[in-house]
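A short write-up of the structure that comes next.
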Amino acid sequence: MPTINCNDTLAVACHRIFPSDLNEHGTLFGGRLLDLVDREASIAAMRVTRQTVVTATIDHVAFVAPFKSQDSMCLEAYVTGFGSRSIEVFAKVTGEHLTTGERFLGSTCFMTFVIDDPNSNIKFNEVIPNNSEQSAICFGYNDRVSQRKQLRKQNQLNMQNINIGFPW
């Protein structure tokens, strides 16, 4: 089977932060950031599958620095590993204070997508990093998969005890 490199999956988008994007603290709503990241990351995943994917997990989310009005943010997402139907995407969001030109790391996370069609599989056998950042991020893929499997088992146990009825 063929390989694909991280840059072939790279999705990039830039956005300017406006006052309507801000919460009561004067910073970007975290949910708004995650919405934009989910959209970009799905593009990276579909560049591997070339078919519909669904978001399975968002994990290792780090809100490193806040975005404020007059900032821009640049989202970058690329595939860092995959199984037979699942695709892991790393997303980073860098910021720029547009009035000073100062740049900063705003957020990072990993997202897992799954091919929507249960009868389809990924047709690549390996993702190849193109630079040192990608090499470092891809290197941890197997450990993150193991962590997700453990968490999924724990979540299944927890779900058996969750009451979905009305509390009153």
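Points worth noting:
- From the list Lys92, Lys123, the lone residue that is under 18 Å from Asn7 (Cα atoms) and within 15 Å of the chain's Cα centre (by Cα) is Lys92.
- Complete set of residues in region 42-82 that are hydroxyl-bearing (Ser, Thr, Tyr) and either over 18 Å from Ala13 (Cα atoms) or touching a Phe, Trp or Tyr at 6+ places or on another chain (Cβ under 8 Å) (or both): Ser42, Thr49, Thr52, Thr55, Thr57, Ser69, Tyr78, Thr80
- Unmet requirement for Pro2, which otherwise passes all of (1) more than 18 Å from the chain's Cα centre (by Cα); (2) surrounded by 12 or more Cβ atoms within 10 Å (Cβ to Cβ): (2)
- For region 113-127, the count of residues that are surrounded by 10 or more Cβ atoms within 10 Å (Cβ to Cβ) and within 20 Å of Val93 (Cα to Cα) is at least one.
So that you can scan it fast, the table gives a plain yes or no per residue for (1) in contact with a helix residue (DSSP H, G or I) (Cβ under 9 Å, 6 or more places away or on another chain); (2) more than 20 Å from Val54 (Cβ to Cβ); (3) at pLDDT 95 or above:
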{"residue": "Ser107", "(1), (2), (3)": "yes, yes, yes"}
{"residue": "Ile122", "(1), (2), (3)": "yes, no, yes"}
{"residue": "Pro129", "(1), (2), (3)": "yes, yes, yes"}
{"residue": "Leu157", "(1), (2), (3)": "no, yes, no"}
{"residue": "Asn163", "(1), (2), (3)": "no, yes, no"}
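- Residues being of a type in the set (A, V, I, L, M) and in a loop (DSSP other than H, G, I, E, B) - total across region 145-168: 2
- Of the residues making up region 26-38, those that are closer than 19 Å to Val61 by Cβ and in contact (Cβ under 8 Å) with a residue 12 or more places away in the chain are Thr27, Leu28, Gly30, Leu33, Leu34, Leu36, Val37, Asp38.
- Residues of region 116-144 that are over 28 Å from Cys74 (Cβ atoms) and either free of Cβ contacts under 8 Å to residues at least 24 places away in the same chain or not in a helix (DSSP H, G or I) (or both): Asp116, Asp117, Pro118, Asn119, Ser120, Asn121, Lys123, Asn125.
Conditions tested, residue by residue: (1) of a type in the set (Val, Ile, Thr); (2) touching a residue at least 60 places away in the same chain (Cβ under 8 Å); (3) surrounded by 14 or more Cβ atoms within 10 Å (Cβ to Cβ).
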residue: Arg16; (1), (2), (3): no, yes, no
residue: Asn23; (1), (2), (3): no, no, no
residue: Ala44; (1), (2), (3): no, no, yes
residue: Arg50; (1), (2), (3): no, no, no
residue: Ala62; (1), (2), (3): no, no, no
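- Gly165 out of contact with any Lys or Arg (no Cβ under 9 Å at 6 or more places or on another chain), exposed (fewer than 10 other Cβ atoms within 10 Å of the Cβ) and on the phi > 0 side of the Ramachandran plot: no
The values are calculated or read from the model by the stated rules, or taken from the named source; none is laboratory data. Small disclaimer: the values here were computed from a predicted structure and weren't measured. Cβ: placed from backbone, ideal geometry, glycine included. Neighbour counts: every protein chain shown.
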